[in-house]
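Notes follow the structure.
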Amino acid sequence: MEKPVFVTREKAEEIAKKYPTPFILYDEKGLRENLEAIKNAFSWNKGYKEYFAVKACPNPFLIRIMKEYGFGCDCSSYTELMLSKELGIIGSDIMFSSNDTPDEDYILAGKLGATINVDDITHIDRIEELLGHLPKKMSVRFNPGGLFQLSNGIMDNPGDSKYGMTEEQLYEAYEMLKDRGVEEFGLHAFLASNTVTNEYYPKLAGILFDLAIKIREKTGVKLSFINLSGGVGIPYRPDQSANDIGIIGKEVQKKFEEILIPEDMGDISLYTEMGRFVTGPIGALVTRAIHEKHIYKEYIGVDACAVNLMRPAMYGAYHHITVLGKEGKALTEKYDITGSLCENNDKFAIDRLLPKVDMGDLLFIHDAGAHGYAMGYNYNGKLKCAEILLREDGSYDLIRRAEAPKDYFATFDCFPEFSGLFKDK
Ligand SMILES: *Cc1c(COP(=O)(O)O)cnc(C)c1O
């Protein structure tokens with residue numbers, strides 16, 4: 001089975017003439033379609049807002065496009081907060097959902113007026129101490145423990161995850177917040193990751209809507225928003241079918257009307273913090289075949305490595321590969337597609353059936369738009385690649401340059417004895 005690509009071989013070669021491979025290519029048209037679909041899916045909820053999970057794809061050019069659609073930022077670190085601020089996304093347009101949080105991060109979140117989503121009950125005192133007072137609008141992260149299961153077998157294990165508070169702590173937290181002057185309260189939970197089913201958000205919404213009623217009963221706190229967080233997945237494999245955000249939105253609406261409206265809680269705003277679903281499929285790692293090797297297996301070496309896309313090496317994650325210009329050709333060969341790191345897990349694919357790959361061919365590694373560039377590192381002194389945005393009219397723009405050696409050595413810049421490291425390039 002084939003997955004569609006958003007660039008032709010000819011266009012990719014044209015881009016590669018100006019910006020050598022490897023690079024991550026993003027599809028503006030696909031991104032905008034996605035943003036529109038997300039917005040429409042939840043437009044029935046008056047206060048709806050998507051806070052893009054910056055960690056998935058921290059590129060200001062892309063987030064600026066999201067801002068046009070009214071999206072905010074879900075940040076979890078100091079530098080993600082900086083990025084958001086630089087784009088003018090501040091105040092309640094920032095959701096700060098962190099855990100194990102350093103003081104300076106809370107201080108910056110407080111300064112920017114972000115809505116802080118409290119991961120642990122002990123953080124309430126800390127935030128109050130660090131900021132001098134609690135913000136007027138705050139959120140609490142819930143962890144129900146146990147197992148969380150969907151009907152298609154998708155399962156996650158909240159009881160084994162480090163995030164959020166128990167139900168008892170949750171009630172206590174709302175009491176504390178209320179006593180200390182907080183006026184707007186939110187509830188947040190993230191129970192399963194990369195769910196390739198339309199069922200996840202509706203099921204989570206049902207749990208959180210029921211909980212909202214209990215919270216009101218137990219503490220008198222009436223929530224003003226419920227944050228479904230991230231977890232909506234994408235079909236990495238060609239035989240999986242994509243989630244339909246329109247259906248997801250409608251199913252959440254049903255729960256909303258069943259559970260919250262009769263309780264006179266129909267004014268609750270819904271928030272989401274999707275990352276992977278927003279940018280995953282609209283980014284691809286474009287890399288060139290530069291080496292073939294025939295030993296006990298057949299290897300195709302490419303000019304990218306795990307530094308540019310770590311998921312296969314880190315989780316054994318599947319990323320579909322299309323040999324550009326050979327779409328539809330018979331899959332006659334079985335290859336390991338490798339990068340150049342001195343790590344045998346540096347393989348984008350293992351025993352993958354592909355058409356015959358010739359040296360110089362361009363490989364389109366799908367679904368690299370989330371947790372792709374963002375997870376990159378510099379092992380073996382390998383440099384991170386450029387990011388390029390393919391515009392709707394077929395033109396393209398560099399949206400992050402490739403690293404140069406001087407970037408790799410930048411943290412030695414305070415040592416004149418090694419100034420030679422900066423002479424090149
Ligand atoms: C990672 C993360 C998200 C985004 O998750 P996706 O699976 O990319 O949608 C949202 N919220 C929080 C708190 C996260 O840690």
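The values are calculated or read from the model by the stated rules, or taken from the named source; none is laboratory data. It should be emphasised that the depicted structure is a prediction, and the values quoted were computed from it without experimental measurement. No Cβ is skipped: glycine too gets one built from the backbone with ideal geometry, and neighbour counts run over all protein chains shown.
Applying the selection to region 104-144, what residues are touching an Asp or Glu at 6+ places or on another chain (Cβ under 8 Å) and part of a strand (DSSP E or B)?
Within region 104-144, LYS137, MET138, ARG141, PHE142 qualify.
Being of a type in the set (S, T, N, Q) and more than 16 Å from the ligand (Cβ to nearest atom) is the filter; apply it to region 265-290 and report the residue that is surrounded by the most Cβ atoms within 10 Å (Cβ to Cβ).
Filtering region 265-290 for residues of a type in the set (S, T, N, Q) gives 269, 272, 279, 287.
Filter once more, keeping what is more than 16 Å from the ligand (Cβ to nearest atom): 269, 287.
On the way: SER269: 17, THR287: 28.
By that ranking, first place goes to THR287.
Would you say TYR174 is part of a helix (DSSP H, G or I), modelled with pLDDT of 95 or more and within 15 Å of the ligand (Cβ to nearest atom)?
Values: part of a helix (DSSP H, G or I): yes; modelled with pLDDT of 95 or more: yes; within 15 Å of the ligand (Cβ to nearest atom): no.
No.
Working only within region 39-61, note down all residues that are within 15 Å of the chain's Cα centre (by Cα) and either of a type in the set (S, T, N, Q) or within 14 Å of the ligand (Cβ to nearest atom) (or both). Steps first, answer last, please.
Filtering region 39-61 for residues within 15 Å of the chain's Cα centre (by Cα) gives 50-60.
GLU50, TYR51, PHE52, ALA53, VAL54, LYS55, ALA56, CYS57, PRO58, ASN59, listed by residue number.
Output the number of the condition that CYS57 fails; it satisfies all remaining conditions of (1) under 25 Å from VAL118 (Cβ atoms); (2) crowded, with 16+ Cβ neighbours inside 10 Å.
(1)
State which residue pairs qualify: first residue more than 16 Å from the ligand (Cβ to nearest atom) and inside region 99-123, second residue modelled with pLDDT of 95 or more and polar (S, T, N, Q) in any location, beta carbons under 8 Å apart, and separation of 6 or more residues or different chains.
Matching pairs, first to second residue: LEU112/SER84; GLY113/SER92; ILE121/GLN169.
Kindly provide the set of residues from region 121-143 that are surrounded by fewer than 18 Cβ atoms within 10 Å (Cβ to Cβ), under 18 Å from GLY164 (Cβ atoms) and either in contact with a strand residue (DSSP E or B) (Cβ under 8 Å, 6 or more places away or on another chain) or not acidic (Asp, Glu) (or both), ordered by number.
Start the filter on region 121-143 by keeping residues that are surrounded by fewer than 18 Cβ atoms within 10 Å (Cβ to Cβ), which leaves 121-122, 125-126, 128-133, 136.
Applying the additional criterion that residues be under 18 Å from GLY164 (Cβ atoms) yields 121-122, 125-126.
Within region 121-143, ILE121, THR122, ARG126 qualify.
Of (1) modelled with pLDDT of 95 or more; (2) not in a helix (DSSP H, G or I), ASN380 satisfies all except one. Which?
(2)
From the list LEU187, LEU223, LEU204, LEU191, which residue is in a helix (DSSP H, G or I) and either buried (at least 20 other Cβ atoms within 10 Å of the Cβ) or touching a residue at least 12 places away in the same chain (Cβ under 8 Å) (or both)? Can you show your working first?
Numbers: LEU187 fails: in a helix (DSSP H, G or I); LEU223 fails: in a helix (DSSP H, G or I); LEU191 fails: in a helix (DSSP H, G or I).
Result of the check over LEU187, LEU223, LEU204, LEU191: LEU204.
Output the residue which, of all residues in region 350-408 that are under 28 Å from LYS29 (Cα atoms) and of a type in the set (Val, Ile, Thr), is surrounded by the fewest Cβ atoms within 10 Å (Cβ to Cβ).
Result: ILE399.
Determine the pairs where a residue that is closer than 19 Å to VAL140 by Cα and within 16 Å of the ligand (Cβ to nearest atom), located within region 80-96, has a partner that is assigned to a helix (DSSP H, G or I) and of a type in the set (S, T, N, Q) with Cβ atoms under 7 Å apart, the partner being 6 or more residues away or on another chain.
ILE94/SER84
Exactly one of these conditions fails for HIS366: (1) on the phi > 0 side of the Ramachandran plot; (2) touching a Phe, Trp or Tyr at 6+ places or on another chain (Cβ under 9 Å). Give me its number.
Exception for HIS366: condition (1).
How many of the residues in region 268-302 are more than 25 Å from the chain's Cα centre (by Cα) and under 15 Å from LEU362 (Cα atoms)?
8
Considering every residue within region 250-258, establish whether at least one is more than 16 Å from the ligand (Cβ to nearest atom), out of contact with any Ser or Thr (no Cβ under 8 Å at 6 or more places or on another chain), among the charged types (D, E, K, R) and farther than 22 Å from ASN152 by Cβ.
As a first pass, look at region 250-258 and keep what is more than 16 Å from the ligand (Cβ to nearest atom): 250-251, 253-258.
If we keep only those that are out of contact with any Ser or Thr (no Cβ under 8 Å at 6 or more places or on another chain) too, we end up with 250-251, 253-258.
Of the ones still in play, those that are also among the charged types (D, E, K, R) are 250-251, 254-255, 257-258.
Imposing the further condition that a residue be farther than 22 Å from ASN152 by Cβ reduces the set to 257-258.
Yes, the conditions are met somewhere in region 250-258.
Residues that are closer than 17 Å to GLU387 by Cα: find the helices (runs of 4 or more DSSP H) completely inside region 24-99 holding 2 or more of those.
Correct list: 28-41, 60-68.
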